[in-house]
């Protein structure tokens, strides 16, 4: 088989196949994570990121290269979660920047796109580290550059790139000692390789079922298996036989995209939405540059289409008779969207009612008690997340929109969320966003305590960043798999005490392991030890531990707080 060019239709298939490939391998990729903590792992974060774009791409029946590029770049950018997800979104963004002007792609065009992808991703990372997804991506781009002038055969071209990326991936343990000690390759690099392999399968003509990409049934809104805000398990199945179609007020699910040919501003958008609400419900209208995406349930799709035609031409039109076909999934999603829109509308009205502030604060938090601590310190908006569920760039953007302030400080409180916060900063035009690179909750608490009202944003950024670095942070959790790190043999189910870099204590008892961690972080210069106990620890148990710590360090003040965090029995700080 010889293939010399790839058109937009084939690239669409390749992208969706790549998305399905990493989705099917995400648990294997998660297992490659060096630290055996129960966190929002690499495979999950990369899958959530690419699926955000895949759901948009799957709706495109006759894509152009430019339209496909916008969907892939925009969808992955908004859905990016965790460091691996943000880097993946930047690789896709750079790739799409290069290809959007082409009608078809050949080896030269793909080589240039690979190079642009790597260049964009490296620029997005403050301190690029070799032995990671970046190294594997660069290896692929370098191989592409060497092959582009030698061959026009894309099958051979892609096969050789994949083979070289596999070789580079095998070398990652030599570049990162922690990988070698754990006996694994880099998980992000493995994830990227799975995406490229999946895309190659589509190029060879292998069939892939894309239905689940559209539904997203296996990818919940958060980390895999996470409970929803209402307390139930996400991804609950729906009984299609029990839907009473007589209760459907508007029977036609109508979707289309307007390719704008006339001015479409905020006023026009408001009037268009008002018209659609007058003829239907479950309305979603999203404008982006020169296109407008529309979803509405109505009894007369023709009226919606006629109105839309006054703004430009239409594409990707889709009308489903929900009564006839019992589209319970669409109904459920539409109801959720309508409810979400109502909540968002109410929240926005509340924001508008609040007087505009000079400075606002957004913080990622991990538990009920810690939420209250941050609120008491003046945080305006709490994003639920942390290690077990990394918020996406879009989550950050939504929070920024909710805070009515000229300058907004963001406290990510997790090293795996800082890139997403910085990405949201770059995408925000109307507010001054300051990301304080807090890697832990205690660092976030210290940072906001050290905010001074009569200082400038720049002065406070410097002060908060400097003070947070003085905090030693620790957390206690359990091991989800066997591994060996820093000479410590760890078995699944062991209790682990971690600082910001490694595992300091391992044992079978929560209290004893936490005590050892505190001792490992405390020295003669320490003045304050703060213990935040989680939802599985009683107050009496926490007090007993605090008393033992006081006896060991009588010259150091010891505070205890209810954190209410899941997964982590204790979060602690030493200052």
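All of the numbers you see were taken from the coordinates with simple rules; none came from a lab. What you see is a predicted model, and the numbers here were worked out from it, not measured in a lab. Ideal geometry is used to build each Cβ from the backbone, glycine not excepted, and the neighbour counts take in all protein chains shown.
Just a few scattered comments:
- Gained length - residue 527 relative to residue 548, 0.36 nm times residue gap less alpha-carbon distance: 5.9 nm
- The range 126-191 - Debye-derived log10 I(q)/I(0), Cα point model, q = 0.16, 0.17, 0.22, 0.24 Å⁻¹: -0.54, -0.59, -0.83, -0.93
- One chain, two ends: residue 149 and residue 491. Fully extended at 0.36 nm per residue, the span grows by 118.0 nm beyond their Cα-Cα distance.
- Per residue, the Cα convex hull of the range 519-564 amounts to 67 Å³.
- With 0.36 nm allotted per residue and the present C-alpha distance subtracted, the residue 342-residue 452 stretch has 35.9 nm of extension available.
- Cα→Cβ-extended label distance, 7 Å offset, between residue 357 and residue 28, nm: 4.8 nm
- For q = 0.13, 0.19 Å⁻¹, Debye-computed log10 I/I(0) when each Cα of the range 355-468 counts as one equal scatterer: -0.40, -0.92
- Order of 68, 16 under a 10 Å beta carbon neighbour criterion, fewest first: 68, 16
- Tensor-based shape of the range 434-523 (alpha-carbon gyration tensor, a/c under 1.5 rounded, otherwise prolate or oblate): prolate
- Averaging the sequence gap over all C-alpha pairs within less than 8 Å and six or more residues apart, then dividing by the number of residues, gives the range 529-575 a relative contact order of 62 percent.
- Going from the fewest other Cβ atoms within 10 Å to the most, the residues 430, 320, 174 appear in the order 430, 174, 320.
- The modelled label-to-label distance between residue 314 and residue 290, using points 7 Å beyond Cα along the C-beta direction, is 2.1 nm.
- Column: log10 I(q)/I(0), Debye, Cα scatterers of the range 86-210, q = 0.12 Å⁻¹: -0.45
- Note on residue 62 and residue 1: their simple-model spin labels are 2.6 nm apart, each label 7 Å out from Cα toward Cβ.
- Pair-distance distribution P(r) for the range 473-574, from all Cα-Cα distances in 10 Å bins starting at 0: 16, 51, 27, 5 percent.
- Cut-off 16 Å (backbone N to label point 7 Å along Cα→Cβ of residue 368), residues of the range 515-540: 533-540
- Mean projected area (nm²) of the alpha-carbon convex hull when the range 6-215 is viewed from all directions: 10.7 nm²
- Ranked by how many other Cβ atoms sit within 10 Å of their own Cβ, fewest first, the residues 259, 165, 46 fall in the order 259, 165, 46.
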